[in-house]
Amino acid sequence: MTDGIIYTYCKGLVKRQAEKESQMMAEWKSGDYTLEHPFIEVNPYLINPLSALVVFRTEEETSVTVTVFGREKRGNISHTFPSAREHIVPVLGLYADCKNTVELRLHEGRSHTLCIETESLGEDVPQLVSMKTEPEYTSDDLIFLTPSLNALATAFDYRGDVRWHLTVPVVFDMKRLKNGNFLIGTERLLELPYYMSGLYEMTMIGKIIKEYRIPGGYHHDQWEMENGDILVLSEDLRSATVEDEIVLLDRDTGDVKKKWDLKDCLRPGDGPSGGYTARDWFHNNALWYDKNSNTITLCGRHTDSIINIDYETGKLNWILGDNETWPDDMQKYFFRPVGEGDFDWPYEQHACLVTPDGDVMCFDNGHYRSKIREKFLLNRDSFSRGVRYRLNVEDMTIEQLWQYGKERGEEFFSSYIGNVEYYGEDHYLVHSGGIQYYGEHASEKPAALLPDDPNMRSESITVEILRDKVIMEMKVTGNYYRAEKLSLYHEADNLPLGPGLILGEMGVTMEMETRIPMDNSGELLPYRYEASVTEEDDRFTFKAIFEGGQLVMLMLEDGQSGDEHGYFISTSKNKFTALCCGTFIEKDPRNVTLSVNKAGLKGTYDLRVIVDDKKYDTGVQICCL
């Protein structure tokens, strides 16, 4: 094996899907495909193996109903598409490793039955432990789980059968849009542990309609505004802090139209939670826009608080949380508990939402269950729950109206992720996504940092509650960021053809302000570092193995212009206090990853690496137009 570096150029998923669609279209347009002999392509957009595309023509315009037959009648999944002569039919809800029976039925009554065979799914699918439903549970929707550890986005039906699965690690919350598509974070990692390049707007079949590249990247959550623009949790790549910025994206162009920096309304370090760090001082993990008050509600895990800010000005309106350890000048923003029932503040909570009548709900993780270190509880002694509060902003009082989970104690405890959903009065979903045991009790350490320890066990429990009765409970192995109950089809579910759009742009990657004066050794980077570079159209990613404490810097040097850029690579062991998504964490702590955006770069650069006291060549050039 020679010294040097492994280089790969990677086409983006949007481009690869466009090429695949172009090939399919050329085939079906050149053939004589009829109802009885249709064109069939399983996994047409490369990332959803439990889907197919069926295309055929009819002489007259007619609607067509597709039905995937379930293992029992209730498991049938059907959808009717509008009248056309050329029928382009997404088939959703196939079973894995199965010869699926699928019916195509025309409005006039003529029908044809297909057999669509699928392959088995890999190890990255959640394993069902149990699914329990009561007679009151009548939903035909699926329960979608999005990743937190190694398993990927997957959806289960009422029996616990897998009916949808993606094979790329798109992450964080699935938010359905008014047009039937959904938004989810890309699989393109900007920086550990989970800062992503942006968002995909995707159909349920897996086709990306739009990729939004965001200057500060994306994490945790997003929201579709009434006019279609998108609120996104982001950050400033040039800042020393993370997870404390919100941006408004133009739906059609991807341009950033407005920004909110939470350091403008809060002081970093005020009211810290047990997981607080100076870099991740707020840890914003959710947002909710309320049209009635024109405000944004945000969820700050590392301040044990839910805050509300004015949409126009960013001014702080109130803080929901334990006011202990907050300074005197901030006390006016807090609520005073009232009412006769039980009351508990939320701690390191997730997934805040606002009900139609203005109540606030969240998943109260209950991590530490105090703001005073001497009073911190062990995870085995704490509890997690869904909770609903009623706020009176006139007299700054708060009442706890409802909760579920406290009574289950340790078995329902999730130290770091989870969510609630509001379906109507007395009708909720509560997802405890981060249940982790070490031996017999709740673990004090994240599973992502102990991936091969046989004493570690991870689970997720999702419950649906109607009038205080659990009507559905699903338990799976592994941890999952959020659960959403969604239908596979939507009333406006025609498949848009044509290449997906790439909108917006990446931000400038932070550089080291100082340079290490060092001549090039002329030697190639030794193979022992197992280095590789993957280049994309808008960035490149460097991966290698270094020992802890080594000095490492990545250099881009343009010999003609003299332009150079330097990027520090940390080889110290990462101490993540929040791992809402541990999907990208390396098992070997010596593995390092650095992504450099091409934004702000122009020219052709030699890629070199400084390791301790020597600068090495890699043999790789990066071209930035």
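The values are calculated or read from the model by the stated rules, or taken from the named source; none is laboratory data. Note that the structure is a prediction, hence the values are computed from the model and not measured. Using ideal geometry, Cβ is built from the backbone for each residue, glycine included, and neighbour counts are taken over all protein chains shown. Calculation scope for accessible area: heavy atoms of the full protein, side chains included, ligands and nucleic acids excluded. Shrake-Rupley method; radii C 1.70, N 1.55, O 1.52, S 1.80 Å.
Here are a few things to note about the model shown:
- Think of a 1.4 Å ball rolled over the protein heavy atoms: the stretch 296-387 then has 37 Å² of accessible area per residue.
- Spin-label zone in the stretch 217-250 - amide nitrogen under 15 Å from a point set 7 Å from the Cα of D264 along the C-beta vector: 232, 234-236, 244-249
- Accessible surface area normalised per residue over the stretch 92-207 is 35 Å², counting heavy atoms of protein chains with a 1.4 Å rolling probe.
- Value at 222 nm in deg cm²/dmol, rounded to 500, when DSSP H runs of n ≥ 4 in the chain each add -39,500 (n - 2.57): -1000 deg cm²/dmol
- Our summary gives the stretch 261-411 a relative contact order of 18 percent, counting only alpha carbon pairs under 8 angstrom and 6 or more residues apart.
- Cβ-defined net charge surrounding R539, 9 Å radius [Lys, Arg +1; Asp, Glu -1]: -2
- Convex hull (Cα only) mean projected area of the chain, reported in nm² to one decimal: 31.0
- The stretch 26-70 - convex hull of alpha carbons, volume per residue in Å³: 97
- Beta bridges per DSSP, both residues in the stretch 304-424: antiparallel share near 85 percent.
- Here the Kirkwood formula, the inverse mean of 1/r across different C-alpha pairs, assigns the stretch 477-525 a hydrodynamic radius of 18.9 Å.
- Rounded to 5, percent antiparallel among DSSP beta bridges of the chain: 90
- Gain in span if fully extended, E27 to Q560, counting 0.36 nm per residue against the direct Cα distance: 187.1 nm
- Using C-alpha pairs under 8 Å with a sequence gap of at least 6, the mean separation divided by the residue count of the stretch 345-392 gives a relative contact order of 37 percent.
- Pair V508, S139: separation of 7 Å Cα→Cβ label points (nm): 4.7
- 1.4 Å probe accessible area per residue over the stretch 458-574, in Å²: 46
- Based on Cα contacts under 8 Å between residues 6+ apart, the chain shows a relative contact order of 14 percent.
- Counted over the stretch 278-350, the DSSP beta bridges are approximately 95% antiparallel.
- Paramagnetic reach from E36 (point 7 Å along Cα→Cβ, amide N under 16 Å) across the stretch 67-106: 104-106
- With 0.36 nm allotted per residue and the present C-alpha distance subtracted, the T277-N227 stretch has 14.3 nm of extension available.
- Judged by the ratio a/c of the largest to the smallest principal axis of the C-alpha gyration tensor, the stretch 363-507 counts as oblate, that ratio being 1.5 or greater while a/b is no larger than b/c.
- Each peptide among 268-274, 331-337 gets the average number of other Cβ atoms lying within 10 Å of its residues, and from highest to lowest they stand as 268-274, 331-337.
- Fully extending the segment from D519 to R16 would add 177.0 nm, taking 0.36 nm per residue of separation and subtracting the current Cα-Cα distance.
- Carbon + sulfur, % of accessible area of the stretch 495-580 - ligands and nucleic acids excluded, 1.4 Å: 51
- Shape class of the stretch 64-160 from the alpha-carbon gyration tensor: prolate, with a/c at 1.5 or above and a/b greater than b/c.
- Where Rh is the Kirkwood radius over Cα pairs, Rg/Rh for the stretch 246-325: 1.00
- Carbon plus sulfur fraction of accessible area for the stretch 344-446, probe 1.4 Å, in percent: 47
- Considering the stretch 316-386 at the alpha-carbon level, its Rg and Dmax are found to be 13.2, 39 Å.
- Just the protein heavy atoms count here, and of the accessible area of the stretch 141-233 at 1.4 Å, carbon and sulfur take up 52 percent.
- Cα-based shape type of the stretch 1-59, given that a ≥ b ≥ c are square roots of the gyration tensor eigenvalues and the cut on a/c is 1.5: prolate
- Sorted peptide list for 45-54, 5-14, 527-536, criterion being average Cβ within 10 angstrom, highest first: 45-54, 527-536, 5-14
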